1. Filter segment 175-204 down to the residues that are open to solvent by less than 30 Å² (accessible area, probe 1.4 Å), among the small types (Gly, Ala, Ser) and out of contact with any Ser or Thr (no Cβ under 7 Å at 6 or more places or on another chain) and list them by number.
2. Could you say which residue among Ala149, Ala145, Ala96, Ala160 is at pLDDT 90 or above, of a type outside the set (Ser, Thr, Tyr) and within 30 Å of Gly265 (Cβ to Cβ)?
3. What number of residues within segment 88-100 satisfy the criterion of being open to solvent by less than 50 Å² (accessible area, probe 1.4 Å) and either of a type in the set (D, E, K, R) or under 15 Å from Trp223 (Cα atoms) (or both)?
4. Can you name the number of the only condition in (1) within 26 Å of Val201 (Cα to Cα); (2) open to solvent by 30 Å² or more (accessible area, probe 1.4 Å); (3) within 19 Å of the chain's Cα centre (by Cα) that Ala122 fails?
5. Every residue in segment 71-103 that is in contact with an Asp or Glu (Cβ under 6 Å, 6 or more places away or on another chain) and either hydroxyl-bearing (Ser, Thr, Tyr) or outside any helix (DSSP H, G or I) (or both), please.
6. In segment 233-249, is there at least one residue being surrounded by fewer than 22 Cβ atoms within 10 Å (Cβ to Cβ), modelled with pLDDT under 90 and not in a helix (DSSP H, G or I)?
7. Kindly list, by first and then second residue, each pair from a residue in segment 204-224 that is within 12 Å of Glu120 (Cα to Cα) to a residue that is at pLDDT below 90 and of a type in the set (A, V, I, L, M, F, W, C), limited to pairs with Cβ atoms under 6 Å and residues at least 6 apart or on different chains.
8. Need a quick list: helices (runs of 4 or more DSSP H) entirely within segment 144-219 having at least 3 residues that are polar (S, T, N, Q).
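The values are calculated or read from the model by the stated rules, or taken from the named source; none is laboratory data. Here the structure is a predicted model, which is why all the values come from computation and not from measurement. Glycine gets a Cβ as well: all are built from the backbone with ideal geometry, and neighbour counts include every protein chain shown. Keep in mind that these areas ignore ligands, DNA and RNA; they rest on the heavy atoms of the full protein, side chains included. Shrake-Rupley method; radii C 1.70, N 1.55, O 1.52, S 1.80 Å.
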Amino acid sequence: MEQGAQGAIGAGGPRVRADVGVSAGEARQAGQVGQVGQARVPQQGGAVRGEHTHCEPAPLGHRAVVQRASVRGQIVDALRAALVAGDLKPGEVYSAPVLGERFGVSATPVREAMQQLALEGAVEVVPNRGFRVVRRGVRELAELAEVRALIEVPVMLRLARTVPTERWAELRPLAEATVRAASSGCRATYADSDRVFHRAVLSLSGNEQLVQIAEDLHRRAQWPLVGGGPDARGRAALVADAHEHTALLDALIARDLDVVRALVGEHFSSGAAGVG
């Protein structure tokens, strides 16, 4: 089964850059990290940053915790991107040691990252073997889209009545960034920019709990269906989905509540079809 895991995440396997304080999503947008499998945790004195060997003294406790959390967090981001891209296959079992070798780190931070994904519902623990990617169907995706609509539509309609026009105009660069990301054809890149835009809109509510819950649902809605590969809908569908962001901003600026309601509903219908 480990051999199957080795071959399922592309040639060369996934590696992650662990620059402290920089997330994998931010590094990817800055050009520091490409697709999953292109970067490696930098070495420091012959050891993985954030870890120490038996032949050298351990770093200060606080410093070690910060570095370790950075490595784990970036591995979580890389694994999430692999889920969206379809590099982690539904139903397949992946072991932490095998993935650790491909990331260039020990199994421990990979195992911790996988446990985080288990809490999010992306994988499930398989005792003595590793973690199995959860199989998802059309019904689950439709349910997620319905819950997102129940949360986000009323909030957006309220914001459309209260947020000044200039605040909506400030979000234009984020909406345009989703169009560029969609044009690249990379589902993982688009997924990141899509979440950034939706988070920015909902953040105007001032309710951080709502933002976090909505983002968790959004992330789960972006995982591909069983049998639906990374290009299941194609670039044109991603671009069409992204253009709904700019159209939504136009409606919000105009305070056209009927158009806002229709566009948000259509956007979540696209999510039910597999984009998120």
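1. Ala182, Gly185, Ala188, Ala191, Ala200
2. Details: Ala149 fails: at pLDDT 90 or above; Ala145 fails: at pLDDT 90 or above; Ala96 fails: within 30 Å of Gly265 (Cβ to Cβ).
When all the criteria are applied, what remains is Ala160.
3. First pass over segment 88-100, keeping only residues open to solvent by less than 50 Å² (accessible area, probe 1.4 Å): 88, 90-91, 93-96, 98-100.
Still in the list and also either of a type in the set (D, E, K, R) or under 15 Å from Trp223 (Cα atoms) (or both): 88, 90-91.
Here the count works out to 3.
4. (2)
5. Taking segment 71-103 first, the residues in contact with an Asp or Glu (Cβ under 6 Å, 6 or more places away or on another chain) are 72, 95, 98.
Passing the criteria: only Ser95.
6. Within segment 233-249, one or more residues are surrounded by fewer than 22 Cβ atoms within 10 Å (Cβ to Cβ), modelled with pLDDT under 90 and not in a helix (DSSP H, G or I).
7. Leu217/Leu144; Arg220/Leu144; Ala221/Leu144; Trp223/Leu83
8. Numbers: elements: 165-169, 172-183, 187-203.
Ranges flagged: 187-203.
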